[in-house]
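Undergrad: Handing you this structure, nothing more for now.
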Amino acid sequence: MSDSPETVSSLRRALGLLRLLAGGDPAGIRLKDLADMAGSSQPTVHRALRDLIAEGFVEQVAGGKRYRMALDFFVLAARAGQAGGLRELARPVLLRLSATLSDTIFLLVRNGYDAVCLDRIEGPFPIRSFTGDIGGKVPLGLGQGSLAILAHLPEAEREAVIRFNIPRLLDRGFLDEAGLRMALAKAREQGWVNLNTGLIQGMAGVGVPVFDAEGRAVAALSVGTLAERLGEERLPGVVGILKAEAASLGAGLNPFDIALRYPSRSLSVVADQIGAEIAASPERSGRSQP
């Protein structure tokens, strides 16, 4: 690699573009906007983007004119930081919660307009779920973990999700938009969600958001159990335990973890591991409510 001033300048320009893309819209930034933000011409920025794409650090959004960080960048950053992924970090938390509460515990992450089950630990009670197996998804707003994430999204994002998901939620037998907004306001006020809506008869659960270092709700921990196990006497204790574990988990998050931006890709990475776990486990019966 040449150490000429021109090469150093190009390197700095590329690093500057990476910073802009990392702090921008996850959906990508247009070339014109990126050039304006960088204070450079579009041809100059385009040449730098071509180099970054060739190295796998940037990708052009399929069918569009936007650019965003590519998967290879997050993988490299995660390795450099020597930090485990969200699923790896959360696994001891889920095991501890399941053992402590004797219930099924879920780890949910946002994927666009949906919440995806990234992991779960089955409890002793044969109960049912919205998401089903690991990798299952539900519209944001359905289920306590999903509600906990949606309630704590930035207002503009939350409104966009509500507009898109209301028809989907109504199709699943959910309450109307006014009811959804009341539930979201209550979740923001108290910092957790407790549901026993009757959507799954006899089931109930609690969900709390997991915040990253910047205060963004990037995931949720959720308990699914029998309605009789979440009475007024037990509920505060369950909430306190969940919130403490969520705070601990959030403090250890790697901001470059691919699960936080590309949960579907993260699931494909761990697919073999999940399959091995399921194959090694005894046959499971029933499902739990996330």
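Residue-by-condition table, conditions (1) at pLDDT 60 or above; (2) hydrophobic (A, V, I, L, M, F, W, C); (3) in the same structural domain as Ser98 (by TED's automatic domain parsing); (4) outside any helix (DSSP H, G or I):
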| residue | (1), (2), (3), (4) |
| --- | --- |
| Gly237 | yes, no, yes, no |
| Gly240 | yes, no, yes, no |
| Lys243 | yes, no, yes, no |
| Ala247 | yes, yes, yes, no |
| Leu253 | yes, yes, yes, yes |
| Ser266 | no, no, yes, no |
| Asp272 | no, no, yes, no |
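Undergrad: Mind listing just one residue for me: the one in the stretch 211-235 that is at pLDDT 90 or above and outside any strand (DSSP E or B) and, of those, farthest from Val138 (Cα to Cα)? Explain how you work it out, then say what you get.
TA: Restricting attention to the stretch 211-235, the residues satisfying the condition of being at pLDDT 90 or above are 211, 217, 219-223, 233-235.
Then drop every residue that is not outside any strand (DSSP E or B), which leaves 233-235.
Numbers: Glu233: 30, Arg234: 27, Leu235: 24 Å.
So, considering only residues that are at pLDDT 90 or above and outside any strand (DSSP E or B), the one farthest from Val138 (Cα to Cα) is Glu233.
Undergrad: Now a separate question. Can we say Gly202 is surrounded by fewer than 18 Cβ atoms within 10 Å (Cβ to Cβ), closer than 20 Å to Gly141 by Cα and more than 17 Å from the chain's Cα centre (by Cα)?
TA: Details: surrounded by fewer than 18 Cβ atoms within 10 Å (Cβ to Cβ): yes; closer than 20 Å to Gly141 by Cα: yes; more than 17 Å from the chain's Cα centre (by Cα): yes.
So Gly202 passes the test.
Undergrad: Just to be sure I understand the filter: pairs with C-beta atoms under 8 Å, separated by 6 or more residues or on different chains, first member in the stretch 50-73 and in contact (Cβ under 8 Å) with a residue 60 or more places away in the chain and of a type in the set (A, V, I, L, M), second member part of a loop (DSSP other than H, G, I, E, B) and loosely packed, with under 14 Cβ neighbours inside 10 Å. Which pairs pass?
TA: Leu71/Gly56
For every residue, the table says whether it meets (1) modelled with pLDDT under 90; (2) surrounded by fewer than 21 Cβ atoms within 10 Å (Cβ to Cβ); (3) outside the structural domain of Arg188 (by TED's automatic domain parsing); (4) assigned to a loop (DSSP other than H, G, I, E, B).
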residue	(1), (2), (3), (4)
Arg50	no, yes, yes, no
Gly56	yes, yes, yes, yes
Ser98	no, yes, no, no
Arg120	yes, no, no, no
Ile127	yes, no, no, yes
Phe130	yes, no, no, yes
Leu147	no, no, no, no
Leu150	no, no, no, no
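Undergrad: In the stretch 152-197, which residue that is in a helix (DSSP H, G or I) and small (Gly, Ala, Ser) is surrounded by the most Cβ atoms within 10 Å (Cβ to Cβ)?
TA: First pass over the stretch 152-197, keeping only residues in a helix (DSSP H, G or I): 155-171, 177-190.
Next, from what is left, pick out any that are small (Gly, Ala, Ser): 156, 160, 178-179, 183, 185, 187.
Values: Ala156: 8, Ala160: 13, Ala178: 8, Gly179: 12, Ala183: 20, Ala185: 11, Ala187: 22.
Only one residue fits best here, namely Ala187.
The values are calculated or read from the model by the stated rules, or taken from the named source; none is laboratory data. Just so it is clear, the structure is predicted and the values come from calculations on it, not from any experiment. Backbone-built Cβ (ideal geometry, glycine too); neighbour counts: all protein chains shown.
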